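Structure record follows, encoded as structure tokens.
The values are calculated or read from the model by the stated rules, or taken from the named source; none is laboratory data. Quick caveat: nothing in here was measured; it's all calculated off a predicted structure. Every residue, glycine as well, gets a Cβ built from its backbone with ideal geometry; the counts of neighbours run over all protein chains shown. Surface areas here come from the heavy atoms of the whole protein model, side chains and all, with no ligands, DNA or RNA. Shrake-Rupley method; radii C 1.70, N 1.55, O 1.52, S 1.80 Å.
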Amino acid sequence: TSFSLFFIDSFHIDVVGPFLSGFLSWVFVTLYRQFTEERQKRAFSQSLGQYTSPAIAAKLAETLTNKSGSVDLSPTACQVTCFFSDLKGFTSISERLGAARTRDVLNPYLEAMSEVLIRHDAMINKFMGDGIFAFFNPPILPVAHHAAAACEATIDSFIALDELKVWLAKGDIADEVNDLSMRVGINTGEVFVGDYGSSNKLDYTCIGDTVNVGSRLERAAK
């Protein structure tokens, strides 16, 4: 329109200013959106990193945020396989070892178990002292054959514990390490999975009778 007016009536409209202003606005809006999305991805990835491997967390954050621009972790019904493990009599062992040497046993144990569970695509929910709660097949990390994956993870966990005991026995805690024995409980069924908690602290977890039965099976696995 401005070019037509210029050639017909020698009427001039300055389009450089509005064009430049619009272009700069588009640039700033685009940069702001990219910055916001990247910040959201990083925050989500860091949150997921508590439960699974950093690589899987980063991949999930990228995939989920690209779908809708936001992440929905609201509770939803699904079928999962719950995994509970615990070291038999570790409380009394830790009392004999003391704080520092207990850490020298517990941290490598939790690290070894975490590696096994993550390798089988488990979502590690929490550590409860020497106890571990993980589950397979949440909506954000589907596992087709999750019951089998949990069983395979259990077998590999016992193998990893035996290897860890050999490694720890080289120190001055050999007698205590030889007494380490693990219990595991597994249960598959319907649960609700999602963010639960308060405005200050949310936990991506699962709840339901399936979880409770899995926990009781672990305690009964003498």
Original post:
Of the accessible area of region 114-222, with the probe set at 1.4 angstrom, what percent is carbon plus sulfur?
Top reply: 56
Subject >> Accessible surface, per residue, of region 113-195 when the full set of protein chains is kept, probe 1.4 Å, Å² >> reply: 45
Subject >> Between region 200-222 and region 81-159, the Cα center-to-center distance that results, in Å >> reply: 13
Original post:
In terms of the Cα gyration tensor, with a ≥ b ≥ c the square roots of its eigenvalues, is region 69-222 rounded because a/c is under 1.5, prolate because a/b exceeds b/c, or oblate?
Top reply: prolate
Original post:
Residue by residue through region 200-215, which ³J(HN,Hα) values in whole Hz follow from phi under the Karplus form 6.51 cos²θ - 1.76 cosθ + 1.60 (θ = phi - 60°), with glycine and proline marked x?
Top reply: 8, 8, 10, 10, 7, 8, 10, 9, x, 4, 4, 5, 4, 5, x, 5
Original post:
Of K88/K201; K170/K222; K126/K165; K165/K222, which ones are farther than 26 Å apart at the Cα?
Top reply: K88/K201; K170/K222
Original post:
So which trypsin sites (Lys or Arg not before Pro) in region 144-186 are both in a DSSP loop and have at most 16 other Cβ atoms within 10 Å of their Cβ?
Top reply: K170
Original post:
Residue by residue through region 127-142, which ³J(HN,Hα) values in whole Hz follow from phi under the Karplus form 6.51 cos²θ - 1.76 cosθ + 1.60 (θ = phi - 60°), with glycine and proline marked x?
Top reply: 9, 10, x, 8, x, 10, 10, 9, 9, 10, 6, x, x, 7, 9, x
**OP:** Sort 173-180, 188-195, 106-113 for me by packing, meaning the mean count of neighbouring Cβ atoms within 10 Å per residue, highest on top.
**Re:** 188-195, 106-113, 173-180
Subject >> Nitroxide proxy distance, nm - points 7 Å out along Cα→Cβ at A99 and A220 >> reply: 3.9
Original post:
Can you list the residues, at least 5 places off or on another chain, whose amide H is less than 5 Å from the amide H of N125, using H built in the peptide plane?
Top reply: F133, A134, F135
